[in-house]
1. Output the residues belonging to the stretch 61-95 that are modelled with pLDDT of 95 or more, within 21 Å of ASN35 (Cα to Cα) and under 18 Å from the mean Cα position of the chain (by Cα).
2. Given the conditions (1) surrounded by fewer than 20 Cβ atoms within 10 Å (Cβ to Cβ); (2) outside any loop (DSSP other than H, G, I, E, B); (3) out of contact with any Ser or Thr (no Cβ under 7 Å at 6 or more places or on another chain), which single one is not true for GLY73?
3. Is it true that some residue in the stretch 82-99 is part of a helix (DSSP H, G or I), surrounded by 12 or more Cβ atoms within 10 Å (Cβ to Cβ) and touching a residue at least 60 places away in the same chain (Cβ under 8 Å)?
4. Identify, from the list GLU250, GLU212, the residue that is among the acidic types (Asp, Glu), surrounded by fewer than 17 Cβ atoms within 10 Å (Cβ to Cβ) and at pLDDT below 95.
5. Can you find a residue that is in a loop (DSSP other than H, G, I, E, B), under 17 Å from VAL31 (Cα atoms) and not assigned by TED's automatic domain parsing to the domain that holds ASP233 anywhere in the stretch 148-159?
6. Looking at the stretch 107-122, is at least one residue surrounded by 15 or more Cβ atoms within 10 Å (Cβ to Cβ), of a type in the set (D, E, K, R) and closer than 21 Å to ASP166 by Cβ?
7. Please go through the stretch 257-294 and pick out each residue that is hydrophobic (A, V, I, L, M, F, W, C), part of a loop (DSSP other than H, G, I, E, B) and surrounded by fewer than 16 Cβ atoms within 10 Å (Cβ to Cβ).
Amino acid sequence: MGIEKVGVVGCGLMGSGIAQIAAQAGCSVVVREVNEERLNKGIASIEKSLAKFVEKGTLSAADRDAARARLRGTTKLEDLKDSDLVVEAIIEQLPDKRELYAALDKICPEHTIFASNTSSLSITEMAFLTARPERFIGLHFFNPVPLMKLVEVIRTIATDPKVFDDAVAFAGRVGKVPVRTSDRTGFIVNRLLVPYLLDAIRVLEQGVASVEDIDNSMKLGCGYPMGPLTLLDFVGNDTTYYIANIMFDEFKEQRFAPPALLKRMILAGWNGRKAGRGFYDYSDPAKPRAMQLT
């Protein structure tokens, strides 16, 4: 059975993007939020994103209108009952996900595939919160979803191979490049990226180089689009700290341990661009100014 009807739980930054690309790919999409205010904000974000594609000439006005017509918002979880696939993109807290999957199990038919967009939690643990672990997978999209081409498709030891193949095919249908991986903390990208980001903080912490010189070294020396400290501010220092702690708890390896400087920045609320301050001061967002942190 192909995936034609898609449910998305959460219409925030990630959920709205997932709903958008599924609708653009021709799927019938229902996206659910907990209240009208959040739902309206998410739908407005989708409409703004579609409008930008039209302005850039990468999407026709007719295709924009068709995608929007295939998309419906709701605050009722029951409206996801006809979904072939439900993608969960809510807060990274297991108790919230446990409550959600218990409800979805009762609402959705047996054929429905459940997928989590988590970047850090165990897919296996979530799968066995449901009555259908063989129909549970991870679909880790990257921000911003409409632009980033990669999707990590994650299987557990219980995942039905046909479900895994269907998930890979869905990722390709929505215009992404799927990479297959298994349920190990960090999957592929964060397993490689997080130690790199933490090492950049250690280089700063140890006085090897300044914020600007670290970033310029990786941009100009390695051809990266942005330096590691700029990337940390973009992702959110609190987010990286949270993921690093989960990875350290899993592997007990020093390379995953958050540096003391990162912990102190979290305590100060210096979580990056969204907080106005991190490794850079964003008082003037157009001209971020490197912070003196050591």
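1. VAL86, VAL87, GLU88, ALA89, ILE90
2. (1)
3. Scanning the stretch 82-99, I find no residue that is part of a helix (DSSP H, G or I), surrounded by 12 or more Cβ atoms within 10 Å (Cβ to Cβ) and touching a residue at least 60 places away in the same chain (Cβ under 8 Å), so the answer is no.
4. One residue alone meets the criteria, GLU250.
5. no
6. Taking every residue of the stretch 107-122 in turn, none turns out to be surrounded by 15 or more Cβ atoms within 10 Å (Cβ to Cβ), of a type in the set (D, E, K, R) and closer than 21 Å to ASP166 by Cβ.
7. Once the filter is applied, which keeps residues that are hydrophobic (A, V, I, L, M, F, W, C), part of a loop (DSSP other than H, G, I, E, B) and surrounded by fewer than 16 Cβ atoms within 10 Å (Cβ to Cβ), the stretch 257-294 yields only ALA286.
Yes/no per residue for (1) in contact (Cβ under 8 Å) with a residue 24 or more places away in the chain; (2) buried (at least 23 other Cβ atoms within 10 Å of the Cβ); (3) within 16 Å of THR118 (Cα to Cα); (4) not hydroxyl-bearing (Ser, Thr, Tyr):
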site: LEU13; (1), (2), (3), (4): yes, no, yes, yes
site: SER16; (1), (2), (3), (4): yes, yes, yes, no
site: ALA22; (1), (2), (3), (4): yes, yes, no, yes
site: ALA25; (1), (2), (3), (4): yes, no, no, yes
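The values are calculated or read from the model by the stated rules, or taken from the named source; none is laboratory data. Worth saying up front: this structure is predicted, and the values here are computed from it rather than measured. Cβ sites come from the backbone with ideal geometry, for glycine too, and all protein chains shown count toward neighbours.
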